[in-house]
Amino acid sequence: MSQPIPRTFDRFVIHDLARHNGQATFARDVREGLSSTPKQLFPKYLYDARHLNIRAVGYYAWIPYASAATGSLFGGWLSSYLIRRLGSVDGSRKICLGLTAACMPVSLLITISPLSITIVFFSLAMLSHQFWSTIIYSVVTDIFPTEVVGSISGLLGAIGAFGGMLFNLFAGALLSASHSYVLIFMILGLLHPLSFIAILLIVRRIEPVVGHGLRQSEAALL
């Protein structure tokens with residue numbers, strides 16, 4: 001029976017994220033992009049800005065969420081396919097992240113398009129967002145050892161939840177002040193590309209990272 005991992009290992013995870021290899025910045029930039037599309041926004045937008053009644057909102061609003069589910073499935077398939085074809089995890093993940101980041105700016109066109117086209121654009125944004133989410137969780141397992149993936153995923157989840165809460169407060173205040181969704185969708189359309197640029201600058205190469213602190217923690221397990 002395998003022995004439990006000491007608490008010192010968990011303390012290393014938090015400490016190392018805060019000090020080494022730029023991983024804390026990586027986590028923050030990635031997860032902010034991941035949390036920046038509140039899924040409750042579209043039905044409210046249809047009701048407030050497009051003046052649809054509840055029945056009409058229900059008739060249209062499910063489409064982007066079905067598209068998001070497709071994005072999750074397609075993201076996992078395409079990334080695995082590219083790994084087999086390219087033989088590179090780094091290249092596969094970055095192609096997928098770049099593709100989704102390039103699609104997200106369609107959010108800027110949501111407020112100026114006819115309703116039917118707006119649904120198409122929002123569906124593409126939701127598909128891209130969930131595609132991004134799938135790849136990001138894979139990147140965590142690509143970079144960090146198996147023993148710490150759970151701790152790091154939990155930390156990213158906490159950062160994402162807090163970031164999402166702050167963004168919802170900010171979006172509400174912005175909507176109350178401007179009475180327009182234009183700036184909100186503009187921000188949502190640009191956060192993923194900015195997060196992708198941050199990944200390119202900070203992470204450089206998506207590969208396993210083993211720092212000095214990790215080696216010490218591994219030695220404590222022996």
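The table below gives the values:
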quantity	calculated
Spin-label model distance (nm) - residue 197 vs residue 161, 7 Å beyond Cα toward Cβ	3.1
Per-selection Kirkwood Rh - the stretch 66-166 (Cα, Å, 1 d.p.)	14.8
Debye equation applied to the C-alpha atoms of the stretch 111-196, log10 I(q)/I(0) at 0.14, 0.22, 0.25 Å⁻¹	-0.66, -1.19, -1.31
Spatial separation of Cα centroids for the stretch 157-202 and the stretch 100-138, in angstrom	14
Ascending count of other beta-carbon atoms within 10 Å, so fewest first, for 165, 104, 126	165, 126, 104
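Read-outs throughout are calculated quantities, based only on the coordinates presented, and are distinct from any laboratory measurement. Worth saying up front: this structure is predicted, and the values here are computed from it rather than measured. Every residue, glycine among them, receives a Cβ derived from its backbone with ideal geometry; neighbour counts consider all protein chains shown.
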